[in-house]
Structure formats: structure tokens, C-alpha cells
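The values are calculated or read from the model by the stated rules, or taken from the named source; none is laboratory data. Keep in mind the model is a prediction, meaning the values are calculated, not measured. Reconstructed Cβ throughout: ideal geometry from the backbone, glycine too, with neighbour counts over all protein chains shown.
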There are 4 protein chains.
Amino acid sequence: MKKAILMIRCKDQKGIVAAVSEFLFSYHGNILEIDQHVDEEIGMFFMRAAWELESFALKKEEIEPIFEAKVGKMFEMEFELYFNFRKPRMAIMVSKLSHCLIDILSKFYSGQFEVEIPLVISNHPDHKKVVEAFGIPFYYLPMDKSNKDLVEERQLELLNEFRVDFVVLARYMQILSGDFIRNYPNKIINIHHSFLPAFVGAKPYHAAYERGVKIIGATAHYVTEELDAGPIIEQDIARVRHHNLPSDLVQIGQDVEKVVLSKAIKYHLERKVLAYGNKTVIFY
Amino acid sequence: MKKAILMIRCKDQKGIVAAVSEFLFSYHGNILEIDQHVDEEIGMFFMRAAWELESFALKKEEIEPIFEAKVGKMFEMEFELYFNFRKPRMAIMVSKLSHCLIDILSKFYSGQFEVEIPLVISNHPDHKKVVEAFGIPFYYLPMDKSNKDLVEERQLELLNEFRVDFVVLARYMQILSGDFIRNYPNKIINIHHSFLPAFVGAKPYHAAYERGVKIIGATAHYVTEELDAGPIIEQDIARVRHHNLPSDLVQIGQDVEKVVLSKAIKYHLERKVLAYGNKTVIFY
Amino acid sequence: MKKAILMIRCKDQKGIVAAVSEFLFSYHGNILEIDQHVDEEIGMFFMRAAWELESFALKKEEIEPIFEAKVGKMFEMEFELYFNFRKPRMAIMVSKLSHCLIDILSKFYSGQFEVEIPLVISNHPDHKKVVEAFGIPFYYLPMDKSNKDLVEERQLELLNEFRVDFVVLARYMQILSGDFIRNYPNKIINIHHSFLPAFVGAKPYHAAYERGVKIIGATAHYVTEELDAGPIIEQDIARVRHHNLPSDLVQIGQDVEKVVLSKAIKYHLERKVLAYGNKTVIFY
Amino acid sequence: MKKAILMIRCKDQKGIVAAVSEFLFSYHGNILEIDQHVDEEIGMFFMRAAWELESFALKKEEIEPIFEAKVGKMFEMEFELYFNFRKPRMAIMVSKLSHCLIDILSKFYSGQFEVEIPLVISNHPDHKKVVEAFGIPFYYLPMDKSNKDLVEERQLELLNEFRVDFVVLARYMQILSGDFIRNYPNKIINIHHSFLPAFVGAKPYHAAYERGVKIIGATAHYVTEELDAGPIIEQDIARVRHHNLPSDLVQIGQDVEKVVLSKAIKYHLERKVLAYGNKTVIFY
């Protein structure tokens, strides 16, 4: 079923739901999903509406300008319009650990992700064969301290060339520069291997072991310039016991990481995430 | 904040969301929450809307007839209107096990439940003192095979006399008659100590032990005439190990039971549950 | 069934399990449970053994000296001997929030905790009636900045007078002095309302809300002089959504807090916890 | 570190732990892990002991006969001896759904599973390319009603030829014959896509949807001749909501299935599972 999805944010005001739903109804749109959220602390309104296109009286190209003219302008809305038949284009960046990468490829392979994956970029050559077995081009761009700027430039060129919509850091162990991040605001999803804000930074499983915690976790978040501080999309945990060594935590944690990352990607793909400040609204 | 809550069900049709939100907006209602669900299999539409009353142009008494005239009729809606300042009246029925009872009393005591509890009814005298310590009348109605009909009659009289809106079976170990149940359709919440539909009926923890399961669970559901088959409101589980005896499962399970039951009560109190057939829509 | 429980810690060496089990067997002890753990990083060995007393050839009073002479000395063990028929004596300290207190009382009332509760101490008078309904003396000791030392002195006197073995801080909102803590090393159990080490200190639910986390948690730990840094006994989490306000997190979190605290108490009561450094071994 | 693992079952008697640990100590074995379990209902004793081989005074080949002579005979033990440096040989059988297969391959690829995978057998040709990308031979044996016996014969030949120790059914959608199963008692691990014993048989997600459950699950178990009734190794669940269609449950459930199956494989590989009757002891 062809559908359109509208993501809206604006100052909280009366009548927004009525205006949006009236707009959709007036053009014979069949609303499939409608969700809204008000953050009263900051007085902001967020909304997501999805409707069937088949019976809709406006053409795809008309929706945005007419909605802006009839509704958006009045409420000073920021809004984005998506169509479920235009697959987003996702790049994967990865280093040595393959569990998140392969989980994404597996879901892509079985058709769970409505996405195109034009390329995988890695600073290690290791997973070339596996990635290519899934029919996806693999770019090996070795990186060290001396060439970081140049490599980032080349990465950005590739993302540009392949018209990438968003980037997934599937355990990519390099810190992206502010320049890089500013190219993809709330469009770079990272998986951090702790339940943030605990254990920010490097080696969280070792830190968890040292602290003697009984649960470990993983956090998928949009990347911002402050390390591990971006808007959280999804988190989950696993139980550990006193006899689990850091190497056990690494293994136990990997299943959490990949599932959490996949859920975050899924929410992003289905246009269910609205990020603002260091928070997200997830309409699921 | 005083608010009104509208729960709607009708055949799925275009324009319902627009009509409802337009109605609310036309009387200056500030929508706080709006949720909808379509069950496409059966072609049914479900909706929940909550709005602030302060600025609303209709008086409490006017809302229902005017909504019916302007919106309800057109879409052949069944709908219910609630106000958050009218506390529902809840009766608790309990037998010998006290954990669910005391958990409810604890939440009532600390103000978590917006509810009135006019009475507790038990077929055992055991918990009279504890219940009364929380300021709630306790009715001991002993029951055996010979007097079941009479006792149920007396129970219904009490529920009627105390103008009870809904009933919670907090581990009440008698099976209610069809007559009793038909008095409170989707208004009797039971907690069953298994993750239904596994282990229907008596002694589910013993059955779970015999089967060698690694998780046990609990299910809160509305009571219907078919045993343990009513619409499920909430479920959860706990992990168990090979060394856990049935008596351990009973203890481990009690924490799950009481938390699941409390969540179901909370959803019911906040008018977030729409039951239909043997399913529930939970707008949380 | 009467049983003895031996908790051992010593340097890791060969032959410990053999020596202990051989000792028990030589006096006709029927081993019910045996667990051991080696922390290889620090070269420490931990063990728990439980056995039936009925057929055991040593009298209760003989076990400790004879075990010390025959086994303990050889391996330079620290060990503790418990009997399951000598109920530990637990004091509860609480402030205004009642959910953990009542959950403990509920489990005590239903016989889930093999414990005696000689008293509850509070710096607020609020819960006197409820506590006394469960048959437990309630001591109200008001506290402010001016009298903190004196009140702690009085608290310690009471704990002493009532021969209290360990203390549970059931949302007791005062920070204990180092002096107080040193009287009960690894014998004061606190519940902190976050998944430590995230959100140490005051108002963790508000901090969690500000950070936009998708899970909140609770941590039961032994109290040490460093705030919220003692050995963790148990942790768990609950999921939250973007629309949950800090006041919602407080409510959702309370069910986690009480269940986590109860589990920690249970482990402690069943002599399943060995604390060392800032870690615990939990033999369950 | 080279280690030996002993798995024991026998009638419950006094002195077993002492005899086993004394045996290990007498040959200078350093015990790494020791666990035991008594099923009092049936009077059976289960034990697992792991020890370092380096310092052990017996040669690999001597351990079994000498243990039998000195300990096993006396207690009429059934026991099995494993060495962690002899990797078990695991075959995977799969049909059309690839998520469990690829998750296993991914863990194999990253070195998480200490196993050899000599072959994958499928009744569909679909996943040949992916399997071979991981360096594993793929056998496509098409099956229909007319040739089931012959194909099973060929499958058994292959398992035999490749000296397979145990078989994983990674969503293999054919029911194995009793003959096949009797060749691998407690050595065939299946993943069933429900929390057994709920929703035995075909289409459990559709049945879960029809029943309106709030949690779905997955169960890894050893295959016995009675469908979905074998000893459960591991289970887990995921939450679902009213708007999730059967096709959503399938997707949500797949992450649970693969994680549960992987854990079961891991327990099996690390020799932590003792199956008896329709139960398992899991020493983790």
C-alpha cells in the first residue's frame, strides 16, 4: 500500500490536530496512523500522520506546497513529507567487529528493512568478502592519525556520490569530526555498548566489569558533536553474573547491541523518530 | 488539570479523526492526547482523545448529547465519556494470598491510583486487619459449594450498594458464575498466574515446573465466561532456573503478578483500554 | 529441613573444594548446594556450601571450631557459618515514600521472608499506623541538620538494643555518616532509584528525564562510605517513553525499586551474597 | 587454557561431591567450575566439574577409565568427559527463513562459537551463496511428500560422513521422523517460535495474534518424538502491541528466536546442559 507520512514540529497551539486531519480529509485521505506529543516544558508540539495515497486527491508533488500554504504556514510548522515507496539510502560504516554489520545485512537480505544500502565503508579490509556476498559494494579506506581529515573527506565524497540519506555506525571505532557530523544532523545512528549515560567513552564493558554491575546494556543514538551525548533512540540490557569476565560481557553485549541498533534503524526507516535537543519522540 | 476523555469505537470510515478533532477544536478544546487504531481484519476503528476542560466551551453535561448529535450519529459510534476528576469506584475480591491485595492497597495509600476503594470482599477472614489499617471496609463472606449462589447474590448486592464501577480479582480463587460476570462486562479484571494461553486453569506454577520452562509469567485480563480466555490487558514474565521448585515459582511469580495486575488497573483507571472480542487496544 | 550454610573466602589454591566437601562427608553431611567462584584477577576464591544438619555428626557448636582446625586454618580462610533456623534480625529505615517499606512488610506478612523485623525507624511519623498494623514497632526519630549526630546515636542504640543483624534502607533519604556505616559493614542494604553507575546522587528520575533515556532502573547495593558506590547486589530496569514525565518515571520506577530491593534482601537472607571490594558474588 | 569437563548423573547419594573433588585433587587438578543439582522429586543427582589439564597428573586417555574405576562405579554414575580443545562438529538444517542461520554464521565468523560447522543442509536452494561466503559447504536436498524417507536417509548419511556431533534446526520447517531423532538423542536443537507450551505446532505468531497476547516468545529445545515437547534449553520473549499484525510479530519474533537459539547452542557447546526427561539442568 502506497502511503505518505508527514512529520511535524511547531510551537504548541490549539487546533493543530484538527487542521491537519481536516486537511487530509478534505482531499479524501484515509488516515492510517496519527500520533502527537506535546513537550510542555518547552511548549513544543510534535506530530506524525500517515495516510493512504491511492484515494488522495493531491498528486505527490502537490502535497508539500499545498500543505505549507494551507496548514504549515498558519502554525509556523517545520515539517517533512515522506513516501513509503521511496526507499531511503543508508550507508554502513564499520571497523573490526562484525556482529552489527552482519545483523543489518541479514535483515536487508530477508527483506525486513525497506532500504537501499549503496555501500559499506570500513577502515579495515576484513569484511569485504562477507559484505560483497550480500551484493553490496565495500570501500576500504585505511585510516591513521596522519590521514584522518583526508579519509573523512573521501568518505563524505562517497556518501554524496551515492546519494546517501543517512549513515549507520555499526561499531565504527573512529570518532567523527564535527565537520562530518554537521553534514548529517540527526542522520548518523551510532550504537554505544553501554546503557547511556553510564560508561560513556571507551571500553564500557571493562568499566562495567570493574563496577560490578548486574546488568549491561546498549544504546542507539543520533551522533552529535558531544561524544555519546546525542538523542537516544533505543536502549536495552542483558543480565550478567559475577563469573562473567569482560570478554563474556563483550559476547553477551553483542546480541543486545545488534538488536538495539536494528530497532533504531527500523524506527528511523519507518519515519517514527522525531529528534529535538538531546531527546527523541518515537511514535511506535 | 481537569480533563475529559472520549473513547470511541465504530466501523472504519474516512474522516473520523478530522470530525472528532474538528469538534473539539470548534469548542476551543486543547487536545492533550489523541490515539487511534484500526483493526483492518474486522474493519473496526478505535479512538481515544483527551482534552483540557478549562477552556472548553461546552459544559460537562452538554458534551455527550452534542457530540452524539454532531459526530457520533454520523459515524454510528459507540462512545464513552469520562472526566478525570470523577474517581472510579473499585472493589477488590481476594482469597488467601495477600500479595496482590497489599500491592494495590500500597499504591492506593501512596496516591498512585486515582480511585476510590469502597470495599474489599473475601471468602476468608485472614486479611481483615490489614485491609482496615488502610481505612477500607472488609466484608468476609464465607463460601462453600452449598452457598455459592447466595454468596454471589450478596456480593452483587454489596457492589451495587457501594456503586462499584469495576471489580479487581486480586487472586480470588473462586470461579465467578456467568450471571455475575454479565453484570460487569469488561469490568472485572483478573490476574492469572501464567503467561496465557499457556497453563490455563488451576496450579499453573506446578504445571510450569513439570514442563521444565525457563520463564514463568502472569496475565491480567478481563473476565469472560470462558475460563482464562478473556481479553488480555497486560502480561509479563520472570526467569526461573532448574533448581527452582514449584514453591520458588510461586514466590518469584508473585512479584510479576502484582506488577502486571497494577499496570492493568492503572490502564483501566486512566481509560486507556478498549476491549473488543477477546482483544484489547491499550493506548499508552 | 534444618540446614547449615558455610560462606568461605580465601586465596585461590588447589584442593579447597575437595577439602571442604571431604570435611562435610566425613561427618555424614548431605550436601544440598555447593557453589564456588574464583576471581582470577585478584586470585581470590569464594565458596558457599549448604548441607542437612539432621544426619550431621557434629553438634551445631562444634562445627565452627572443628572446621577451623581441620580446614580453615590450612587455607587461611575467612568463613561464616549460618543456620537456616536462626532467623536474621532486620531493621528497616524509611522516610516518606512507602512503596518499598510496604512491599517488605507484605512479604514478611505472607511468610516469604525468613526474618524477624524488630523495628522500623523513620524520620517522619507518616507510616506509623501501617507499620503497626503488621505488628512491628515503629520509632519516629525526627531529624534535621542540628541533631543528625544525636539521632544517629539513638538509631545505633536501638539497633543494638534490638540485636539487629542488618539494616534495610527502604528509600531512607538521609545520608548515613561514616561512623554509622562502619558499624554495619556490608550489612546495610540501600535501594537507589537508577541503574548505577548512571545517575548517582539526588533526583535520578529527573536526570533520566533530562537525558531522554528509554530505560530507567533501580539498584540495590551495600552501603559504603562513598555515595552510591557500594557493592551492587541486584539491578533491574523498566522501559519508558517520550511522553513519560518525571512524575511518571517516579511511579514506573517504584515497582522496579521494590522488586529489586526485595530480591536483594532475599539473597542476603538466604546467605547467597559474598561482598568483596565493590563487587558481590551472588550464588543463586 | 586446556580444560576437561565432566558431566555426571546418578542416583542421589551422600559423598558424591567429596568423591569427585577428592579424585580431581588427588591428581593435582585445579577445579575451575563445579556445579551440582539434585532433583529431589526423582532422587537424581547431576554434576558438572571443569578443571585445568596442564597440571593434571592423568593423561587425557587415562581420565575416563580411572575415574570410572575409582568413582563412577561406586556411585553407578553415567558420565561424559569433554575437552575444550576438541571442537564439537555441528550441522545446521534450514528451510527458507534465514535469520537464525545467518546469526549462527555470524557468531561462527567472529569466533564466538567454539565449533566446527562441516555443512549446512537445506530443502531449499536459496541460501547457498550466503552460506558458502562463510566458507561452509551447502547441501541442497529438495524434499516433498514422495521422497521424505529417502532424503532423511541421505541427510543421515551426510551427518555421518561429516562426523557431526549435533544438529541445529535453524527454522527447518520439516518434521523429523522418529528414526532420525533416535540417531541424535538430546543432540538436535530446535527453535520454536513461541514461548512453549503456548502455541505448539504451526503458525504460532498467527495464533498469538488471534489470542491478543501482549508478549510473544521463542523456545530452544532438544527435539524428541513428541512435537515441541522436548526438554527446553532457553526461552525469551518480546513485547507486542495491539497494532502489531501477524507480519509484525514475525519480524519482532525473529530477533528473539535467533538470540534464544544462539544461547542454547552456546550452552550446549560449553557443555553446560544436562537433559533428563523433558527437563534440562543448565549450569551457567
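Closer than 20 Å to B:Asp255 by Cα, surrounded by fewer than 24 Cβ atoms within 10 Å (Cβ to Cβ), of a type outside the set (A, V, I, L, M, F, W, C) and in contact with a strand residue (DSSP E or B) (Cβ under 6 Å, 6 or more places away or on another chain): which single residue out of C:Lys187, C:Lys263 fits that description? It would help to see each step written out before you state the result.
Values: C:Lys187 fails: closer than 20 Å to B:Asp255 by Cα.
Step by step, each of C:Lys187, C:Lys263 is checked, and only C:Lys263 is closer than 20 Å to B:Asp255 by Cα, surrounded by fewer than 24 Cβ atoms within 10 Å (Cβ to Cβ), of a type outside the set (A, V, I, L, M, F, W, C) and in contact with a strand residue (DSSP E or B) (Cβ under 6 Å, 6 or more places away or on another chain).
Would you check if B:His192 is farther than 24 Å from B:Ala229 by Cβ and of a type outside the set (S, T, N, Q)?
Judged against the criteria, B:His192 is not a match.
In region B:225-256, how many residues are touching a helix residue (DSSP H, G or I) at 6+ places or on another chain (Cβ under 7 Å), surrounded by 18 or more Cβ atoms within 10 Å (Cβ to Cβ), closer than 23 Å to B:Gln174 by Cβ and more than 7 Å from every other protein chain (Cβ to nearest Cβ)?
Residues that pass the stated criteria total 5.
B:Phe56: part of a loop (DSSP other than H, G, I, E, B), crowded, with 19+ Cβ neighbours inside 10 Å and aromatic (Phe, Trp, Tyr), yes or no?
yes
Given the criteria in contact with a Leu (Cβ under 6 Å, 6 or more places away or on another chain) and either of a type in the set (A, V, I, L, M, F, W, C) or within 30 Å of C:Lys258 (Cβ to Cβ) (or both), does C:Val94 qualify?
Judged against the criteria, C:Val94 is a match.
Look through region D:264-283, keep the residues that are at the interface with chain B (Cβ under 9 Å from one of its Cβ atoms) and not β-branched (Val, Ile, Thr), and return whichever of them is farthest from D:Asn190 (Cα to Cα).
Once the filter is applied, the top-ranked residue is D:Phe283.
Which condition does A:Val20 not pass, out of (1) more than 11 Å from every other protein chain (Cβ to nearest Cβ); (2) over 19 Å from the mean Cα position of the chain (by Cα), if it passes all the others?
(1)
Looking only at region B:154-182, count how many residues are surrounded by 18 or more Cβ atoms within 10 Å (Cβ to Cβ) and outside any loop (DSSP other than H, G, I, E, B).
8
When you check C:Ala208 against the structure, is it under 13 Å from the mean Cα position of the chain (by Cα), in the same structural domain as C:Cys100 (by TED's automatic domain parsing) and surrounded by 18 or more Cβ atoms within 10 Å (Cβ to Cβ), yes or no? Even if it seems obvious, please write down each step before you answer.
On the way: under 13 Å from the mean Cα position of the chain (by Cα): no; in the same structural domain as C:Cys100 (by TED's automatic domain parsing): yes; surrounded by 18 or more Cβ atoms within 10 Å (Cβ to Cβ): yes.
Here the answer is no, as C:Ala208 does not meet what is asked.
Quick check, is A:Val130 assigned by TED's automatic domain parsing to the domain that holds A:Met93 and in contact with a helix residue (DSSP H, G or I) (Cβ under 8 Å, 6 or more places away or on another chain)?
Criteria met by A:Val130.
Could you check region C:203-213 and list, in sequence order, the residues that are at the interface with chain A (Cβ under 10 Å from one of its Cβ atoms) and either over 13 Å from C:Asp248 (Cα atoms) or of a type in the set (Gly, Ala, Ser) (or both)?
If we filter region C:203-213 for residues that are at the interface with chain A (Cβ under 10 Å from one of its Cβ atoms), which is where we start, we get C:207-213.
Of everything in region C:203-213, those that are at the interface with chain A (Cβ under 10 Å from one of its Cβ atoms) and either over 13 Å from C:Asp248 (Cα atoms) or of a type in the set (Gly, Ala, Ser) (or both) turn out to be C:Ala207, C:Ala208, C:Glu210, C:Arg211, C:Gly212, C:Val213.
Looking only at region B:110-139, which residues are within 11 Å of chain C (Cβ to nearest Cβ) and either at pLDDT below 95 or buried (at least 20 other Cβ atoms within 10 Å of the Cβ) (or both)?
The answer is B:Phe113, B:His127, B:Val130, B:Val131, B:Phe134.
State whether one or more residues within region C:64-77 are over 25 Å from C:Gly277 (Cβ atoms), within 26 Å of the chain's Cα centre (by Cα), acidic (Asp, Glu) and away from every other protein chain (no Cβ under 12 Å).
Yes, region C:64-77 has at least one match.
Quick test of your reading of the structure: B:His243 fulfils all but one of (1) over 27 Å from A:Val240 (Cα atoms); (2) at pLDDT 95 or above; (3) assigned to a loop (DSSP other than H, G, I, E, B). Name the failing condition by number.
Evaluating B:His243 over (1) over 27 Å from A:Val240 (Cα atoms); (2) at pLDDT 95 or above; (3) assigned to a loop (DSSP other than H, G, I, E, B) leaves (1) as the failure.
Check A:Ala49, A:Ala91, A:Ala18 and return the single one that is touching a residue at least 12 places away in the same chain (Cβ under 8 Å) and touching a Ser or Thr at 6+ places or on another chain (Cβ under 9 Å).
Result of the check over A:Ala49, A:Ala91, A:Ala18: A:Ala49.
Looking at A:Tyr209, A:Tyr276, A:Tyr284, A:Tyr205, can you tell me which residue is at pLDDT 95 or above, aromatic (Phe, Trp, Tyr) and under 28 Å from A:Leu81 (Cβ atoms)? Outline the logic, then answer.
Working: A:Tyr209 fails: under 28 Å from A:Leu81 (Cβ atoms); A:Tyr284 fails: at pLDDT 95 or above; A:Tyr205 fails: under 28 Å from A:Leu81 (Cβ atoms).
Residue meeting the stated conditions: A:Tyr276.
In the list B:Asp103, B:Asp35, B:Asp39, which residue meets the criterion of being within 14 Å of chain A (Cβ to nearest Cβ) and under 30 Å from B:Phe180 (Cβ atoms)?
Unique residue meeting the criteria: B:Asp39.
For residues that are polar (S, T, N, Q) and closer than 11 Å to B:Ala49 by Cβ, tally how many sit in region B:1-16. Explain how you work it out, then say what you get.
Step one: of region B:1-16, the residues polar (S, T, N, Q) are B:13.
Add one more test, that the residue is closer than 11 Å to B:Ala49 by Cβ, and what stays is none.
Qualifying residue count for the region: 0.
Out of curiosity, is A:Ala218 more than 10 Å from chain C (Cβ to nearest Cβ), in a strand (DSSP E or B) and either within 19 Å of the chain's Cα centre (by Cα) or closer than 26 Å to A:Tyr82 by Cα (or both)?
Criteria met by A:Ala218.
Take region C:15-32 and flag every residue that is assigned to a strand (DSSP E or B) and either of a type in the set (A, V, I, L, M, F, W, C) or modelled with pLDDT of 95 or more (or both).
Once the filter is applied, which keeps residues that are assigned to a strand (DSSP E or B) and either of a type in the set (A, V, I, L, M, F, W, C) or modelled with pLDDT of 95 or more (or both), region C:15-32 yields C:Ile31, C:Leu32.
What pairs can you find where one residue is in region B:65-78 and more than 17 Å from B:Lys14 (Cα to Cα), the other is in a helix (DSSP H, G or I) and not β-branched (Val, Ile, Thr), and their Cβ atoms are less than 9 Å apart, with a gap of 6+ or different chains?
B:Ile66/B:Phe23; B:Phe67/B:Phe23
Being over 19 Å from D:Phe75 (Cα atoms) and outside the structural domain of D:Glu114 (by TED's automatic domain parsing) narrows it down to one residue among D:Glu52, D:Glu40; which is it?
After ruling out the rest, the residue left standing is D:Glu52.
What is the one condition in (1) at pLDDT 95 or above; (2) surrounded by 20 or more Cβ atoms within 10 Å (Cβ to Cβ); (3) within 11 Å of another protein chain (Cβ to nearest Cβ); (4) touching a strand residue (DSSP E or B) at 6+ places or on another chain (Cβ under 7 Å) that C:Asp12 does not satisfy?
(2)
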